[in-house]
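Chemist: Would you mind keeping the following structure in view while I ask a few things?
Nothing in this text is a laboratory measurement; each read-out follows from the coordinates by a stated rule. Please read these numbers as outputs of a predicted model, since none were measured by experiment. All Cβ positions, glycine included, derive from the backbone under ideal geometry; neighbour counts span all protein chains shown.
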Amino acid sequence: MLYRWRWFLFVFFLVLFWSAFTLIRYLYPFPYRQIIQQYAQENALSPYLLAAVVRVESRFQVRAYSSRGAIGLMQIMPDTGRWVARQMGWEDLDPDLLYDPATNLRLGSWYLDWLRQDFDGNLLAALAAYNGGRRHVKEWLASGLWDGSWAGISQIPFPETRNFVRRVVRDERIYRLLYSGYLSLGWR
């Protein structure tokens with residue numbers, strides 16, 4: 001009789017774990033995975049980080065458009081998109097191309113890598129600049145308003161930027177846990 005209860009409890013917890021895992025994967029989808037992995041690799045970024053940025057910026061909505069005019073999966077401003085495209089050797093960029101997932105991810109991942117390099121490898125500063133603007137983050141760091149560390153994240157003066165960085169870091173960890181193979185059970 002005790003053996004049956006142990007078996008029942010084992011099956012119960014297995015189903016409970018499976019259900020929770022399935023729910024979390026539903027809340028943290030990973031569409032455009034091949035494109036994200038390609039551009040993450042090209043720009044020496046984590047694909048989980050890019051997925052987290054996309055989830056926070058647009059919830060993977062290709063046609064996302066912000067009140068400030070940011071477009072697409074990675075919410076790229078048209079002027080920033082044109083600047084990035086020129087840096088990448090493109091003639092010009094039609095802003096409507098920012099709705100194309102591959103174009104948006106290519107430009108956004110290149111820009112995030114460029115920001116990381118501009119901030120001497122400080123990914124938190126790069127994320128803050130991606131959301132709050134490079135000039136602002138340079139000023140915060142130069143004035144000592146923010147030290148660029150995770151411990152000092154509450155020092156970021158813009159609440160939206162502070163929350164953006166926190167959410168991306170949290171979501172990157174969740175994506176890594178769900179899709180790195182540790183818990184993915186071979187699902188791709």
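Chemist: At 0.36 nm per residue, and after removing the present C-alpha to C-alpha distance, how many nm does the segment from Met88 to Glu42 gain when stretched out fully?
Modeler: Full-extension gain reported as 15.3 nm.
Chemist: Out of region 37-143, which trypsin sites (Lys or Arg not before Pro) are coil in DSSP terms and have no more than 11 other C-beta atoms within 10 Å?
Modeler: Those that pass, being in a loop and sparsely packed, are Arg59, Arg63, Arg68.
Chemist: In percent, how large is the relative contact order of region 31-179, given Cα pairs closer than 8 Å and 6 or more residues apart?
Modeler: 22
Chemist: In the chain, which helices (entire DSSP H runs) extend 24 Å or more along their own long axis, judged by Cα positions, while averaging at least -0.5 on the Kyte-Doolittle scale?
Modeler: 2-27
Chemist: Rounded to the nearest Å, what's the spacing between the alpha carbon centres of region 113-151 and region 58-84? Just the number, please.
Modeler: Measuring centre to centre over Cα atoms gives 20 Å.
Chemist: Which shape class applies to the chain: rounded if a/c is under 1.5, otherwise prolate when a/b exceeds b/c and oblate if not, where a ≥ b ≥ c are the square roots of the Cα gyration tensor eigenvalues?
Modeler: prolate
Chemist: At 0.36 nm per residue, minus the direct Cα-Cα distance, what do Leu23 and Lys138 gain on full extension? Give it in nm, one decimal, please.
Modeler: 37.4 nm
Chemist: With n ≥ 4 as the cut-off for DSSP H runs, can you work out [θ] at 222 nm for the chain, using -39500 (n - 2.57) per run divided by the number of residues, rounded to the nearest 500?
Modeler: Using -39500 (n - 2.57) per qualifying helix, the result is -20500 deg cm²/dmol.
Chemist: Would you mind classifying region 117-162 by shape? Square roots of the alpha carbon gyration tensor eigenvalues, ordered a ≥ b ≥ c; an a/c under 1.5 is rounded, otherwise it is prolate if a/b is larger than b/c and oblate if not.
Modeler: Here region 117-162 falls in the rounded category.
Chemist: Among Val168, Val53, Val62, determine the one that fluctuates most according to a GNM of the chain built with springs between C-alpha atoms less than 10 Å apart.
Modeler: The residue with the greatest mean-square fluctuation here is Val62.
Chemist: Residues with amide H under 5 Å of Ile76's amide H, sequence separation 5 or more or different chain, H placed in the peptide plane at 1.01 Å from N; which?
Modeler: Ile71
Chemist: Length gain on complete extension for the stretch Leu145 to Asp120, per 0.36 nm per residue less the alpha carbon to alpha carbon distance?
Modeler: So the extension gain works out to 7.2 nm.
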